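One structure below.
Read the figures in this text as sums done on the coordinates, not as results from a lab. Remember, it's a predicted structure, so these values are computed and weren't measured experimentally. Neighbour counts run over all protein chains shown; Cβ positions are idealised from the backbone, glycine included.
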Amino acid sequence: MKYCPICGEEYDSGDRCPADGGVLLESAREVGSLVGQVFKGSYRIEEKIAEGGMGVVYRGVQTALQRNVAIKVLLPEMHSTPSMIRRFFQEARLLSQIDHPHVVSVIDFGNTKDGILFMVMEYLQGQTLREIVAEQGGLPLGAVVRLMEQICLAVGAAHDAQLIHRDLKPDNIFIATRQSAPETVKILDFGLARVVEGREDARLTRTGLLMGTAGFVAPEQITGGEADARSDIYALGGILYYMIAGRLPFEGEAIHAILTEQLRGAPDLSAGPLADYPTLGEVISRAMAREPAGRFRSARELLGALRKAAADLDPELTLSELDPIDLANETKVWGGRDQGVLPSASDGKHGPKREDPPTPRLAWRGLSIVGVVLVLLVGAWWMGQRAGAPEAIDAEGTPILVGMSAAFSGPSRELGRAMQLGIETCFADVNESGGIGGRDLQLVALDDGYEPARTVANMADLLLERRVVAILGNVGTPTAEVALPLALEQGVPFFGAFSGAELLRREPPDRLVFNFRASYAEETAAIVDHFVGPLGLQPAEIAVFAQEDGFGDEGYHGVVRALAAHGYEGDVPRFGYRRNTESIETAIDSILQRRGELRGLVLVATYRTATRLIQRLREAEVAMTFAGLSFVGSNAFAQELTSLGPQLSEGVLVSQVVPHFHSELPGVSRYRALLARHFPSEQPGFVSLEGFLAARVFVEALRTAGGDTSADALVVAAESLAAVDLGLGTEISFSAARHQGSDQVWLTVLDSRGSYHPVVP
């Protein structure tokens, strides 16, 4: 079986795709040194000039014309990701549709029979707008207008072709120089571009991922909404701000802080040159309006308003008298590289600046998240430049920073909030007693909205910028899938994640990973045992409702294995939904079609989606017992159920990895007392109790390490913890071969008022 890398269609035989002429491939091969090779008999590769997250860029020569060209080659590790291959060729197709002097042009693209995917583009020399502004500060008014004219005309041409760029920023605006010619704007990187609704390539975008760059991405893109031409207008307003002010429109210590500022409102127009140009500020404010309806209707309308505002400021200003830009003598070569994914640095005031030699670090304000796979690869590359664990800063009196990435917004926000609450309760108690060696514990908790792409940004912030000594209490399996490799890459311990996933429980264990709680396999086994035992269900009557990601897969396979342990080898039905949505109509219809066949449903879901499912099935009078895993978020789950209708919660089972929060066990009583002392307005719950206990284990490791916060010291100390009594009626132990403290599962059942009761075996 062969496949076409351009359209993705598969064929039994043949050499070329009949639909688009692409060379059919059997498998991707490693791309070694390409210097000297000739593609399509026309393009000879001369030298490597750049490398980004998706590809390597070479200077080449078009042999027939003896002219320089830029050749972008997709990295071999991307070949196994069909969406990346399609995105690569989508960029080529989109660029080829825009015939405009201010958009970088594509000369050719395709793939070789060896599996090398390439794109041939015009070869440019010059600098990015970011580099120019970083070197010179704010640009003269005439230069701003002249550059914005070219930028707006190019964006308008893209919009005329029904294309939305979605990642306009100073890094993607290239100022090309030629002998005896004025500087020329070229818009780059249409890798994130999309077509308007109804066009085929729209399917390559993924709802829920941040498509764009912090500081310039429109608010509707941040919140997961649809981008349209007005989203590009927002970015143009940010670019105009950057050129005039010489600094970014929004600034913050990390990407999440920048995005938060964007959602709060417009950029600051009260300082610097913008304070002297109120009419320009009005143009920026309208372009960057929070709601799309408040923005200019087109790039050309924005340009018209800008030219009028500039003329009001300087009536003598004409196109022929616009101030030239003082380009640096030393210019860079751009050949279609992935702008915004190569490392750069910032002085924190006036935007990114070049360093010579460049210091590898994460360009926070230039981070472009195009998908979990791509971001993870780029993140690993960045972090590989700073290999090795961060050195612990043990200066007396400085706080010990501990990192956490979890959902504090979106449908799963109560899980993150409760986990943070438990950790903060433990830390408050420790700090009140003098801390660890006189140093306070400080939790840095960042919001990822339960989205892996945002988790990557948070982890890079925590590991590279904050230099936390450990990650504690991260929430979720799909987020752990991207967070864990980054923590391991940087040699930072990963403690007490709110996840029972097997990826955190490898055999032998990852040296830096320590779990407090039981696994999802142990939770699902307890539920299945209860279904088959006390409730008397037949294995064939049990099904699973699971999230369509790693979390759902873990829970489903746990149920399958648990039923196999009871001798059942038949099919286990699975019904699903997409993460961070309540799109359950298909699942509801499928379950109703099997009414009477199924009597037990294991919920591998978060609380809001699980409650909607139960509500709908009970309204349909389906006789079924529901059982959720601990990740359902017990308190929030119960509150949602009781708010939706009387007696909706009665008989619903939930497995727990901690005792009941009203238990009189000494460790639980201590938790309640400390919670009431430090957070008197909060109510106890299973999730915050787990956060508290996970934090206590981490604190025990810190104390055993004698306050040494280095990764090696923490690992050795944690592995030495044996028979630790947290007051739970069972002891917690670790060793070099065992990094899971507890295997215990407690089954609970809800009554009609939404209160939990232990299930007596």
- Task: Subtract the Cα-Cα distance of residue 720 and residue 66 from 0.36 nm times their separation in residues, and report this length gain in nm to one decimal.
- Result: 228.6 nm
- Note on the structure: In Å, the Kirkwood hydrodynamic radius from C-alpha pairs for the range 514-600 sits at 13.7
- Sorted by average packing, counted as other Cβ atoms within 10 angstrom per residue and highest first, what order do 216-222, 738-744 take? 216-222, 738-744
- By the mean-Cβ-within-10 Å protection proxy, highest first, 700-707, 602-609 rank as 602-609, 700-707
- Message: Using amide H atoms built in the peptide plane, which far-off residues or other-chain residues are under 5 Å from residue 436 H to H?
- Response: 441
- Kindly rank 138-147, 723-732 from highest to lowest mean number of other beta carbons found within 10 Å of each residue. 138-147, 723-732
- Under 11 Å, Cβ to Cβ, from residue 631 - net charge with Lys/Arg +1 and Asp/Glu -1: -2
- Note on the structure: Lys and Arg at +1, Asp and Glu at -1: neighbours of residue 282 with Cβ under 12 Å from its Cβ sum to +1
- Query: What FRET efficiency do you get for residue 586 and residue 621 if R0 is 22 Å and r is their Cβ-Cβ distance, rounded to the nearest 0.05?
  - Reply: 0.60
- Query: Counting only residues 5 or more places away or on other chains, whose amide H sits under 5 Å from the amide H of residue 104 once H atoms are built in the peptide plane?
  - Reply: 187
